[in-house]
Structure formats: C-alpha cells, structure tokens
Amino acid sequence: MLAFKSEEQSQLQLVEREEIEDEEDLFEAIDKLTTHGINAGDVKKLQDAGIYTCNGLMMHTKKSLTGIKGLSEAKVDKICEAVEKIVNVGYITGSDALLKRKAVIRITTGSQALDELLGGGIETLSITEAFGEFRSGKTQLAHTLCVSTQLPTNMKGGNGKVAYIDTEGTFRPDRIVPIAERFGMDPGAVLDNIIYARAYTYEHQYNLLLGLAAKMAEEPFRLLIVDSVIALFRVDFTGRGELAERQQKLAQMLSRLIKIAEEFNVAVYMTNQVIADPGGGVFISDPKKPAGGHVLAHAATIRLMFRKGKGEQRVCKVFDAPNLPEAEAISFPILY
C-alpha cells in the first residue's frame, strides 16, 4: 500500500513539473537576459544575490541592485532595459488582470467549514495571516496545510512542495504522519516534499527568505509557512527606542514575503501573536490585538482571527480581506 502511494505521489510531482513548463508566463528565468546582451557573469552576480527570475529583478530598486558587488550604475541601467523587453511592467486592462487571477490556486485547509469561509481555501499570490492566543489552532492549521498543499489540484490541493520557516520551535514532523494518512498519502513522501528551517534571529529569518528564490525557481513550490513572523522581532528589539528600527526591518521582511508570493505563485501562510490592548476598555470582551502594528496589517492580504471555542472547537473570523465578507465567524474542529 505504501509503495503504491509513493508511486502515485511521484506521478503527481511529474504532472506538476509538466504544468510548470506550460506556465511560462508565471515567471521568466534570469538566464534569459543573456539573449538580450547581458554578460553571463553579471547574471551570475544577480543569482548570487538571490535573484533568479526577471519578475523578481523588477521588484528591486536600482539602488539595491547597484549595492551588489560588481554591478555599476551603467550595468544596472542596461540590465533594467533588457528586463523591460522581457517582462511587461506597464499597464494592463482589467480583462487581462482577470485572466491573471485564474492562475490563483486555492489550497484546502482540511475543514469544509473553514474552506467555505475562505472562498475555497488559502490563496496563492497572497499573504494569509492567522493571529490569536496560544493553542488556538494556528500552528495546527500550518501542519495540515503542509499535507493538503501536496494534494492534486482536482482534490483542492496545490500539487506542490512546502517551505516551512520555524521561529518558535513548534514544527513537529511526527504530527505530519497522521495528517498524511488521513488524506490517504504516503507520510514519507509528504515529509520529503517539505523543506524546513529553524530561524534564531530576525536576520537569519530574512536570509532564509532570500535563499528560497533558488529553490522555488527550480522546483514546484506552492506554500511558504512562517510560524511566527513576529516572534524574533519581539525578542531582538526591545523598548520604544528600537521600535522604529524594528518596524522598518519588519516591513522589509514582509515586502520580501509579498514578492515571493507574486513571483512564484505561492501561498504565504504566516502566524502572528497577540498583544494586550490596554485601551480596549472594560466593555470589550477580548481586549487583544495582533502584534506588528499597521506595518503588518497593511502587508497581509487576508487576516484571520483564531480563538478557542467549546472543547476542541476553534473559531475563525475573517478580520480583514479584500474579497471576503468581514465579521463572519464560523466554528471548525481542530484537526487532531
């Protein structure tokens, strides 16, 4: 039975690679610059700096590109001119934008009630933030998504691999096994398709994001999990005196996450902590708010608030979303 599952899993991966080859419009490899008069050595310098696609290159400022060792302003101008010939960076019609939205994949959460709330599941090309108290189901959902992302698209999966950045030491590979079995998948194959990294400082966390570009340019990834996005910032920056610097560094981190989501058509699922709100007043039943302030609030596409319900029930509320109704709450069982 396990052997059959392994063969089926490798077949699914093969299908995904064929699909990726057909979807060339998702991103253009940086190697294409050589056909437009850019030196191969300069392309290698871009790759060493973590830039592997032309789409990703357009997401960098000229100032940041000239900061790469060996690239002068003249070279950067020439590179930018070549990229504009490959990638359309101008206006498109609303109809074209609608066609691009068809590339969005919705990955099931494993809960029918939660999928209905999210309009089908966690979306690619966007950042989904889940915040709430400890043991409210945020990390448990992350573990479930590690498995459901590997399901074929006709089973509401993403048919792709998963990258997991752990800042709190809460990832448990042994939890993946029963979830994989629940979905009828081979646990060993599922674990092999998850790349995991433990981050210890906010700088380490950012460097791990930079290193992902190389992997995502070569293999079909569909999900990036950061659990949690704010934890290391709350440790490495202390007091109001460092608050401005903390928010600036956090903004850079979140900007990188947005670029990864849009560059490689992956879903970004990040968990967030809550802080007590002294200004909440006695009339508010739960005076807690998500950490990270306005910087994090503006970066997240969809914000979900998790809280404990009765017994093993967990309640998820759409806190903010551009295409989902607000203030709609629904209960779903935590997937033990």
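The values are calculated or read from the model by the stated rules, or taken from the named source; none is laboratory data. This structure is a prediction, so every number in the text was calculated from the model and none was measured. Glycine also receives a Cβ, built like all others from the backbone with ideal geometry; neighbour counts cover every protein chain displayed. Quick note on the areas: whole protein, heavy atoms, side chains included, nothing else; ligands and nucleic acids left out. Shrake-Rupley method; radii C 1.70, N 1.55, O 1.52, S 1.80 Å.
Tabulated results
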item: Structure-based [θ]222 nm, the chain - -39500 (n - 2.57) summed over DSSP H runs of at least 4, per residue, nearest 500; result: -13000 deg cm²/dmol
item: Charge tally in the Cβ shell below 10 Å around THR124, where Lys, Arg are +1 and Asp, Glu are -1, THR124 excluded; result: 0
item: Extension reserve of the THR66-ALA113 stretch, reckoned as 0.36 nm per residue once the Cα distance is removed; result: 12.0 nm
item: Karplus-derived HN-Hα couplings along region 296-309 (A = 6.51, B = -1.76, C = 1.60, θ = phi - 60°), whole Hz, x at Gly and Pro; result: 6, 4, 6, 6, 6, 6, 10, 10, 10, 9, 9, 8, 6, x
item: Å² of accessible area per residue within the chain, as computed with a 1.4 Å probe and no ligands counted; result: 50 Å²
item: Rounded to 5, the percent of DSSP beta bridges in the chain classed as antiparallel; result: 40 percent
item: Cut-off under 5 Å, modelled amide H: who pairs with THR53 long-range; result: ILE30
item: Cα Rg, Dmax, the chain, angstrom units; result: 20.7, 66
item: Sulfur and carbon atoms: percent of accessible area, the chain [1.4 Å]; result: 54 percent
item: 25 Å Cα-Cα reach of LYS308 towards lysines, excluding residues that sit fewer than 8 places from it in its own chain; result: LYS138, LYS288, LYS289, LYS317
item: The chain: relative contact order as a whole-number percent, Cα under 8 Å and 6+ apart; result: 21 percent
